[in-house]
Amino acid sequence: MRAVVQRAGKSKVEVDGKVVGKISAGVVVFAGIGADDREEDCRYISEKIASLRIFEDKEGKMNLSLLETGGEVLCISQFTLYGDCRKGRRPSFFAAARPDKAKYLYEYLCKMLREKGLRVETGIFQAMMKVHVENDGPVTILLDSRKLF
């Protein structure tokens, strides 16, 4: 599983011109599900997202996590994180999970985040979305459950 985590202020996602998810402050997560991913990948990524120390403390150092700040999560399914551009000009998405598996694991990831006490908003799986991110910092972190060392 791959995730792009952006520290964010006000952010929202729209489908067909209607807001379907929004946060005031926290992180926007673009989550890509790989063909070989399992529930344990979701647990690993959810733990990382919840505990990343990317928010400033009173001294201005990135030393606080979402759990400590009460930040929110806007989680967007993003299969294009598995785009392979090594050959040609059109990305191959062979390594991305099939939609049924991807939807299950995306929803499981959101469930894991909620179980940690985080407020989680989402887009709509497989919909064309307009995501408005107010990147704060900017701070952008890449996570990959298969690159553990």
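The values are calculated or read from the model by the stated rules, or taken from the named source; none is laboratory data. Worth saying up front: this structure is predicted, and the values here are computed from it rather than measured. All Cβ positions, even for glycine, are placed from backbone atoms using ideal geometry, and neighbour counts span all protein chains on display.
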| message | Against the conditions (1) closer than 26 Å to Glu14 by Cα; (2) part of a helix (DSSP H, G or I), where does Glu68 fall short? Just the number, please. | response | (1)
| request: Can you tell me which residue within segment 2-48, out of those that are free of Cβ contacts under 8 Å to residues at least 12 places away in the same chain and either in contact with a strand residue (DSSP E or B) (Cβ under 8 Å, 6 or more places away or on another chain) or part of a strand (DSSP E or B) (or both), is surrounded by the fewest Cβ atoms within 10 Å (Cβ to Cβ)? | output: Lys18
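Any chance segment 68-90 includes a residue that's small (Gly, Ala, Ser) and within 15 Å of Gly26 (Cα to Cα)?
Yes, there is a match, as at least one residue in segment 68-90 is small (Gly, Ala, Ser) and within 15 Å of Gly26 (Cα to Cα).
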| query | Do we have Leu118 as within 16 Å of Ile54 (Cα to Cα), assigned to a helix (DSSP H, G or I) and modelled with pLDDT of 95 or more here? | reply | no
| field | Per-region count, segment 49-59, residues assigned to a helix (DSSP H, G or I) and surrounded by 16 or more Cβ atoms within 10 Å (Cβ to Cβ) | value | 2
| Within the bounds of segment 125-133, is there any residue that is basic (Lys, Arg) and without any contact (Cβ under 8 Å) to a residue 12 or more places away in the chain? | no
| So Tyr108, is it modelled with pLDDT of 95 or more, out of contact with any helix residue (DSSP H, G or I) (no Cβ under 9 Å at 6 or more places or on another chain) and not acidic (Asp, Glu) | no
| message | Suppose we keep only residues that are surrounded by 15 or more Cβ atoms within 10 Å (Cβ to Cβ) and not β-branched (Val, Ile, Thr) within segment 135-149. Which one would you say is farthest from Asp41 (Cα to Cα)? | response | Asp136
| message | Could you go through segment 91-102 and let me know if any residue there is charged (D, E, K, R) and in contact (Cβ under 8 Å) with a residue 60 or more places away in the chain. | response | yes
| query | If you go through segment 115-124 one residue at a time, how many are surrounded by 14 or more Cβ atoms within 10 Å (Cβ to Cβ), out of contact with any Leu (no Cβ under 6 Å at 6 or more places or on another chain) and not aliphatic (A, V, I, L, M)? | reply | 4
